[in-house]
Amino acid sequence: MHIEKAEIIATLRSRGLHARADWVDRQLPRLVDTYKNDSLLRTLDIDPAAMSPVEVASQQG
């Protein structure tokens, strides 16, 4: 599942974690793969299930 980086940033900012939000903005792509970034999301106390999933088109050629 993928979620929008902007939603993660908004959640962090709503908690007053502006420095973490800035770091996430610099380090993560626009669409965040929740499987690959599971540990980071847990560290940030972000629940992917509470976020809106984003459909990602397959990159098959």
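The values are calculated or read from the model by the stated rules, or taken from the named source; none is laboratory data. This is a predicted model, so every value here is computed, not measured. Don't worry about glycine lacking a Cβ; one is built from the backbone with ideal geometry, like all the others, and counts go over all protein chains shown.
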TODO: Report yes if Val54 is among the aliphatic types (A, V, I, L, M) and either exposed (fewer than 11 other Cβ atoms within 10 Å of the Cβ) or within 10 Å of the chain's Cα centre (by Cα) (or both), otherwise no.
DONE: no
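Looking at the range 8-37, which of its residues are of a type in the set (D, E, K, R) and either modelled with pLDDT under 95 or surrounded by 16 or more Cβ atoms within 10 Å (Cβ to Cβ) (or both)? Break it down stepwise before answering.
Applying the first criterion (of a type in the set (D, E, K, R)) to the range 8-37 yields 13, 15, 20, 22, 25-26, 30, 33, 36.
Correct list: Arg20 only.
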Open item on the list: Can you report the number of residues in the range 38-51 which are under 10 Å from Ile3 (Cβ atoms) and surrounded by 12 or more Cβ atoms within 10 Å (Cβ to Cβ)?
Closed with: 4
